[in-house]
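Undergrad: Handing you this structure, nothing more for now.
The values are calculated or read from the model by the stated rules, or taken from the named source; none is laboratory data. Just so it is clear, the model here is predicted, and its values are computed rather than measured. We place every Cβ from the backbone using ideal geometry, glycine too, and count neighbours over all the protein chains shown. In case anyone asks, the SASA skips ligands and DNA or RNA and just uses the protein heavy atoms, side chains included. Shrake-Rupley method; radii C 1.70, N 1.55, O 1.52, S 1.80 Å.
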Amino acid sequence: MRLLAFILFLPLSGFTQTNTWADSVANIIYDNCSYCHRTGGIAPFELMNYQDAVDAGSYIYHRVEINEMPPWPADPHYRRFAHEEILTYEEKTTILQWMDQGFEFGNPANEPLPPYFAPNGSNLETIDLTLAIDPYTLQTNTDEYRYFAIENPFPETIYINKIEVIAGLDQVVHHADVSYDDTGISLANDQADPLSGFNGNTGSPNYSFYMNAWQPGGNIAAYPEGWGIAVPPGVDFVMEIHYGPGGIGLTDSTKMHFEFVTNTSNVRPISVGWLLGQSPPIMVDGPLVIPANEVVTFHQERTLTSNMSFISICPHMHLLGKSYKIWAVTPDNDTIQLIHIPQWDLHWQKYYMFREVQVLEAGTTIYSEGVYDNTLANHDNPFNPPQTVYQGSSTLDEMFLTYFIYAPYQAGDENVILDDSPLVS
């Protein structure tokens, strides 16, 4: 995917040329919108041809005008990332002026073909393994946690380089995580439950290695070439799915696609985890309690004890989240900006891959500032009137976490480029 720049301060009136669908707009829509707006995509309507764009014109116009689409919550003025999904000023202007000028089609001979998407809904070039749960019908209208154990079919160690989650119920899947279990406990619990998967009534899952965390709006978790997660033979994958409220009677069929490391002669092992948590000593001013009708701020700190090489970062909050900023300060007192999400949106929680491996030396402290809005000014507030909200795993509770993909530092990591597309300023 090409890297796009996002410019906020220029006036739209500076462009007067006539824009048409065939000559200029179609490619912008196809490159930036169609992946989500397609059959099997997560968006509520398709943008795969001229008529689709005309029918959704008012929606597109408003979302593009306010910089809400394509969704890229991270502030590009704070930190630039790999594979940014952001419109350039010229692309934004082209779309808006095309609509203002009456949706002119242009020369049919110049219309590009719409993009092709695999019928399985995947965006991976290669799928080496698919984990698919047996269809599960939700049993309650409140939050529900379900665990699904799937045997590893490979007789030798595999190394996973990319993980893609295809949620079966976009509207209620709060998260879908995957681990592996080398004890057989999770598989036995699954087999003992009469329904697909199991929950706490049947038994507790066992996690030997935590592999991936996915939330709504999440993209592919990818690692540099030759880096990956080792999965030994004989283990069972455990997919944990948290269903938010309101899903009783709906049937889920979530699946995960894996792409393997191709050359396994010298694989670089990676780690994943919530390095910024919501408990002391990491959270320095807890507990995470957000009183009704207040806007409150919390902070996290974590000092690294060894040199680390970071690939991706993924902050996590719930419905009261307002903003999340993370930075690091080195032992020499240099500040490294990591990510700033100025307008938190529960529905768009991405893996933000650095443009090059971000090395942080031992003694560096990672800091954060998270703001929560428990007033009626927050349109995502689930309570009216507002109620005091506490830390918890339910969608109506709150969380304050950041997920990192990383590895112990090796010489030369600072030279590993993850996206070398030119930045347009």
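Undergrad: What's the number of the condition CYS36 fails, among (1) at pLDDT below 90; (2) within 30 Å of VAL416 (Cα to Cα); (3) open to solvent by less than 20 Å² (accessible area, probe 1.4 Å); (4) not small (Gly, Ala, Ser)?
TA: Condition (3) is where CYS36 drops out.
Undergrad: How many of the residues in the range 216-242 are in a loop (DSSP other than H, G, I, E, B) and either of a type in the set (Phe, Trp, Tyr) or within 20 Å of the chain's Cα centre (by Cα) (or both)? Walk me through it before giving the result.
TA: Here is the first cut: in the range 216-242, the residues in a loop (DSSP other than H, G, I, E, B) are 216-220, 223-226, 232-235.
Remaining after also requiring either of a type in the set (Phe, Trp, Tyr) or within 20 Å of the chain's Cα centre (by Cα) (or both): 216-220, 223-224.
Of the residues in that region, 7 qualify.
Undergrad: In the list TYR30, TYR50, which residue meets the criterion of being within 26 Å of the chain's Cα centre (by Cα), modelled with pLDDT of 75 or more and closer than 18 Å to GLY106 by Cβ?
TA: Working: TYR50 fails: within 26 Å of the chain's Cα centre (by Cα).
Unique residue meeting the criteria: TYR30.
Undergrad: For residues that are out of contact with any His (no Cβ under 9 Å at 6 or more places or on another chain), of a type in the set (Asp, Glu) and more than 14 Å from GLU164 (Cα to Cα), tally how many sit in the range 108-146.
TA: Total satisfying the criteria: 2.
Undergrad: Something else: Scan the range 83-97 and give yes if some residue there is touching a strand residue (DSSP E or B) at 6+ places or on another chain (Cβ under 8 Å), surrounded by 13 or more Cβ atoms within 10 Å (Cβ to Cβ) and in a loop (DSSP other than H, G, I, E, B), otherwise no.
TA: Yes, there is a match, as at least one residue in the range 83-97 is touching a strand residue (DSSP E or B) at 6+ places or on another chain (Cβ under 8 Å), surrounded by 13 or more Cβ atoms within 10 Å (Cβ to Cβ) and in a loop (DSSP other than H, G, I, E, B).
Undergrad: Right, here's the next one. I need a count of the residues in the range 27-59 that are among the small types (Gly, Ala, Ser) and not in a helix (DSSP H, G or I).
TA: Taking the range 27-59 as the starting set, the residues that turn out to be among the small types (Gly, Ala, Ser) are 34, 40-41, 43, 53, 56-58.
Within this subset, residues satisfying the condition of being not in a helix (DSSP H, G or I) are 34, 40-41, 43, 56.
Total meeting the criteria: 5.
Undergrad: Further question: Identify, from the list GLY203, GLY247, the residue that is in contact with a strand residue (DSSP E or B) (Cβ under 8 Å, 6 or more places away or on another chain) and open to solvent by less than 20 Å² (accessible area, probe 1.4 Å). Give the steps one after another, and end with the answer.
TA: Working: GLY203 fails: in contact with a strand residue (DSSP E or B) (Cβ under 8 Å, 6 or more places away or on another chain).
Within the list GLY203, GLY247, the selection yields GLY247.
Undergrad: Hey, another quick one. Would you check which residues across the range 273-287 are in contact (Cβ under 8 Å) with a residue 40 or more places away in the chain and either farther than 13 Å from MET399 by Cβ or basic (Lys, Arg) (or both) and list them?
TA: Selection gives GLY273, LEU275.
Undergrad: Looking at (1) under 24 Å from GLY41 (Cβ atoms); (2) at pLDDT below 95; (3) in contact with a helix residue (DSSP H, G or I) (Cβ under 9 Å, 6 or more places away or on another chain), can you tell me which one ALA213 breaks?
TA: All conditions are met except number (3).
Undergrad: OK, next. With a cut-off of at least 2 residues that are at pLDDT 95 or above, within 28 Å of ALA222 (Cβ to Cβ) and of a type in the set (Val, Ile, Thr), name the strands (runs of 3 or more DSSP E) lying wholly within the range 243-323. Spell out the reasoning first.
TA: On the way: elements: 255-260, 271-276, 295-303, 308-316.
Passing ranges, in order: 308-316.
Undergrad: Right, here's the next one. How many residues does the range 132-177 hold that are of a type in the set (A, V, I, L, M, F, W, C), closer than 18 Å to VAL238 by Cβ and surrounded by fewer than 19 Cβ atoms within 10 Å (Cβ to Cβ)?
TA: 2
Undergrad: If you go through the range 61-68 one residue at a time, do you hit one that is crowded, with 17+ Cβ neighbours inside 10 Å, touching a strand residue (DSSP E or B) at 6+ places or on another chain (Cβ under 8 Å) and touching a residue at least 12 places away in the same chain (Cβ under 8 Å)? Can you show your working first?
TA: Initial filter on the range 61-68 (crowded, with 17+ Cβ neighbours inside 10 Å): 64.
Going one step further and asking which of them are touching a strand residue (DSSP E or B) at 6+ places or on another chain (Cβ under 8 Å), we end up with none.
No: the range 61-68 contains no residue that is crowded, with 17+ Cβ neighbours inside 10 Å, touching a strand residue (DSSP E or B) at 6+ places or on another chain (Cβ under 8 Å) and touching a residue at least 12 places away in the same chain (Cβ under 8 Å).
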